[in-house]
Structure formats: C-alpha cells, structure tokens
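The values are calculated or read from the model by the stated rules, or taken from the named source; none is laboratory data. Computed from a prediction, not measured in an experiment: that's the story for all the values here. As a convention, Cβ positions derive from the backbone with ideal geometry for all residues, glycine included, and neighbour counts pool all protein chains shown. Keep in mind that these areas ignore ligands, DNA and RNA; they rest on the heavy atoms of the full protein, side chains included. Shrake-Rupley method; radii C 1.70, N 1.55, O 1.52, S 1.80 Å.
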Amino acid sequence: EASFDQSKPLQGFSALVTSGPTHEPIDPVRYIANRSSGRQGHAIAEALAAAGAQTLLVSGPVTLPDPPGVEVVHVESAQEMLEACMAALPVDIAVCAAAVADWRVAGLSEQKLKKEAGRLPELTLAENPDILATLSKAEGNRPRLLIGFAAETEQVASHAAAKRQRKGCDWILANDVGPDSGTFGGSDNQITLIDEQGAEAWPKLDKQAVARRLVERIAEQLAGSAR
Ligand code: CTP
Ligand code: CA
C-alpha cells in the first residue's frame, strides 16, 4: 500500500514554470523587454516544489534569488526560454508565467550602434515564438496540465477565455489589471481562473497566496491520476 503525504500532494509529479521578462538584444549593450518582476512565477515554482513536485524554473533576467528546492535555468531571450522549456519535456505540469517579449529585433547589430547627429537607427522587428502555444502543440509530449496567464484591463473573463482557446492551454489565470480592479500598483492580484467549465473568480490575494491556491487546485485536478 503506497503512503500518501498530505503535505506533499504533488510528490512524484514534475513541473515546469516560466517566469520574469525576456530581453531581446538590439546590439551588445541594448535590449527591448517587457516589464516583469518575476515575483508571481517564482512564487508558483516555490509552491510547486514545496508541494513535492520536481520543479524546473526557466527564468528570464530578474533580481530575485532562486527559490529554494527548485532547479533554475537562467535565460535572456524568448528563443532561449523556448529551447530550455522544450528540453525539459516531458513534464506533468507547466505554468507559463513569464512576460515574454512578443517581438525581437531582426538583424541585430554585432557592434554597438553609434549615435550620429541627425540619423536615427531603424529597428526591424520579428515575431517571437509563443512558448505557451508551442508547448500545447508538443506532439506526444504535451504537458498534462498546461496553464497560462493573461493580464487584461477590461472584459477580463471573455478576453481570457478567447486567449485560452487560441493558445490551446487547459487553464488561464486572468489577472484583472484594469483601473477599477483596485490592484493597480499594489501587491495583490485579482485572479479569475478560466477552464473548460467557465470562470472562477478568486478573492484579491497576494502573489504567495495566489501561488498556494493554484497549487491546491492543481493537486485536486491531478489527484488519483497515475504518477
Ligand atoms: N506567452 C508565451 N510566449 C510568448 C507570449 C506569451 O509563452 N511569446 C505566454 C505568457 O507567458 C502567458 C500567455 O502566453 O502565459 C499570455 O501572454 P499574453 O502576452 O497575455 O498573450 P499574447 O498572445 O502575447 O497577447 P497580447 O497581444 O495580449 O500580448
Ligand atoms: Ca504578449
């Protein structure tokens, strides 16, 4: 009879988390990036590991320490983040919390661009790979439970539900960042979890509490399934 440790409901499961921004180089000294502290993704990785999951965190450039109990791969660009994620498959659980830059600079300069009076550099952009959508299409290797995030300012549930369909993930955690959410600039998140059944509104919670609640929800979902 196998024993079950209630404090470690994800023992025997593997998890992959993306977190932080990505940096897309313009030249050796400049980059474009999204704004992201990585705090939510790192908290989720830490909570998954605390629940017993063997957890790999693929992190863009952040100032946070590596969370305890988690294996961390540090990357810079979206392309590097994608490669690290694909190399981590197969996994049971994947949570894409990174704020991936949607574009990179095409034909980036090997030398520092020099400022010249009266001349502006022209940057041509190329679309970055969509890591969440790519994981959802990983043939024979799709994470069993694939979770994305969506920061929305209006029509949160419907925009996030459309994003869930488009990306082919199982759940979307929609974060209401609109001006009336009361979360703007604060430390709390207002999450609506979108799954195939519909929308589940969570109370306002800080990022650690969001991580714990998500991990509880994941454990319920995977409970009893083969490890
Ligand atoms: N994501 C990703 N790779 C990308 C872009 C987004 O993995 N190149 C993931 C994010 O980590 C997040 C989800 O996709 O889990 C939604 O990201 P978001 O930027 O809201 O979606 P986009 O499709 O890029 O749409 P938008 O035009 O709103 O930026
Ligand atoms: Ca985006």
Checklist line | Accessible-area ranking of Lys207, Lys115, Lys8, Lys137, largest first, probe 1.4 Å | finding: Lys115, Lys137, Lys8, Lys207
Checklist line | Percent of beta bridges antiparallel (DSSP, the stretch 71-227, rounded to nearest 5) | finding: 60
Next item on the list: Mind grabbing the base-10 log of I(q)/I(0) for the stretch 154-227 at q = 0.11, 0.12, 0.22 Å⁻¹? Debye formula, identical points on the C-alpha positions, no solvent, two decimal places.
Entry: -0.30, -0.36, -1.03
Notebook entry, point to check: In the stretch 127-227, which GluC sites (Glu not before Pro) are in a loop and have at most 13 other Cβ atoms within 10 Å, using DSSP for the loop call?
Noted result: Glu139, Glu154, Glu196
Item checked: Solvent-accessible area, 1.4 Å probe, carbon plus sulfur percent, for the chain -> 48
Margin query: Could you tell me the ratio Rg/Rh of the stretch 107-171? Both radii from Cα atoms, Rh via Kirkwood.
Written below: 1.23
Checklist line | Helix-derived mean residue ellipticity, 222 nm - over the chain, DSSP H n ≥ 4, -39500 (n - 2.57), to 500 | finding: -7500 deg cm²/dmol
Checklist line | Lysine pairs within the chain, Cα separation less than 27 Å, 8 or more sequence positions apart or different chains | finding: 8
Next item on the list: Please report the orientation-averaged projected area of the stretch 185-227, defined via the convex hull of its C-alpha atoms, in nm².
Entry: 3.8
Next item on the list: Note the direction-averaged projected area, equal to a quarter of the hull surface, for the Cα convex hull of the chain, in nm².
Entry: 14.7
Note to self: Using only the Cα atoms of the stretch 1-60, what semi-axes does the equivalent ellipsoid have when each is the square root of 5 times a gyration tensor eigenvalue? Give whole Å, largest first.
What the structure shows: 35, 10, 5
Item checked: Accessible heavy-atom area order of Leu120, Leu89, Leu57, highest first, probe of 1.4 Å -> Leu120, Leu89, Leu57
